[in-house]
């Protein structure tokens with residue numbers, strides 16, 4: 001072990017010395033590369049007490065954690081605040097993310113990070129957060145169609161079911177794509193062995209690998225959003241199933257439970273990508289905002 005700051009901190013924060021075990025400290029997000037990352041809320045974790053005999057008391061261990069926590073707070077100060085739309089608004093002109101900016105009048109704008117550096121690099125205009133909520137709500141209405149204006153109780157149940165089944169649906173999609181890829185690889189290998197033409201099979205494989213790569217990025221973002229889904233479920237459970245009551249809670253924080261990413265064509269035209277991979281266009285094209 002290297003006796004540097006990170007090595008010593010690793011010893012001081014290792015719960016195993018108390019006899020307890022925290023499972024899933026790392027997890028695999030990309031099933032293709034099997035690369036492990038620190039499980040910073042991506043997957044559920046389980047704490048097992050008294051798993052084995054400890055060599056230090058839990059009281060001493062907790063006192064050390066309190067001291068370390070105070071040291072981190074003193075050294076780093078206030079952590080950078082994140083918002084529901086952070087890293088989810090993407091400029092279609094240059095590919096950069098939008099950053100939040102609070103104006104002196106209290107209004108909040110989101111600005112393309114490239115455009116903020118120079119309008120010569122990207123001409124995308126800033127967008128007021130109220131406009132984003134308006135278009136996101138429009139996209140939400142389009143996604144659910146008549147269900148959002150007819151039977152409020154039925155619509156509430158639909159939303160709750162979708163959120164509760166979201167992880168299972170993601171896992172099914174992952175498995176389905178994995179099986180499809182395995183079948184194509186077997187088919188391609190067999191064609192090579194038999195000396196047959198592999199061009200069409202290779203094209204199918206490349207197209208599927210591209211689809212998997214795109215969805216893998218979505219799944220990584222999806223795993224970070226568990227808190228939004230849990231919070232939205234809590235709001236729905238406490239809600240009376242009327243259309244009016246549902247409409248009242250349709251703010252950015254609530255709708256984020258269903259949003260993977262928003263691609264911004266202009267301040268008046270968005271494409272919203274939802275947790276199931278489907279997309280909805282909200283807003284309208286305006287010629288003077290051609291980039």
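Here are some notes:
- Tail weight of P(r) past 32 Å, computed on alpha-carbon pairs of the range 84-291, percent: 31 percent
- Computed from the C-beta positions of residue 94 and residue 65, the FRET efficiency with R₀ = 25 Å rounds to 0.05.
- Look at where the Cα atoms of the range 169-237 and of the range 124-146 average out, and the two centres are 29 Å apart.
- When only Cα pairs below 8 angstrom with a gap of at least 6 residues are kept, the range 210-291 shows a relative contact order of 23 percent.
- Here the range 244-287 is treated as a sphere whose radius is the Kirkwood value from Cα pairs; by Stokes-Einstein at 20 °C and 1.002 mPa s it diffuses with a coefficient of 186 µm²/s.
- Computed E for residue 165/residue 119 - FRET, C-beta separation, R0 45 angstrom, nearest 0.05: 0.50
- Pair residue 55, residue 224: separation of 7 Å Cα→Cβ label points (nm): 3.8 nm
- Spin-label zone in the range 207-240 - amide nitrogen under 16 Å from a point set 7 Å from the Cα of residue 252 along the C-beta vector: 228
- Percent RCO, i.e. relative contact order, over the range 84-291, from Cα pairs under 8 Å lying at least 6 residues apart: 27 percent
- Packing-based order for 159-172, 248-261, using average beta carbon neighbours within 10 Å, highest first: 248-261, 159-172
Values in this text are rule-based calculations from the coordinates and carry no lab data. Quantities reported herein were computed from a predicted structural model and do not represent experimental measurements. Virtual Cβ from ideal backbone geometry, glycine too; neighbours counted across all protein chains shown.
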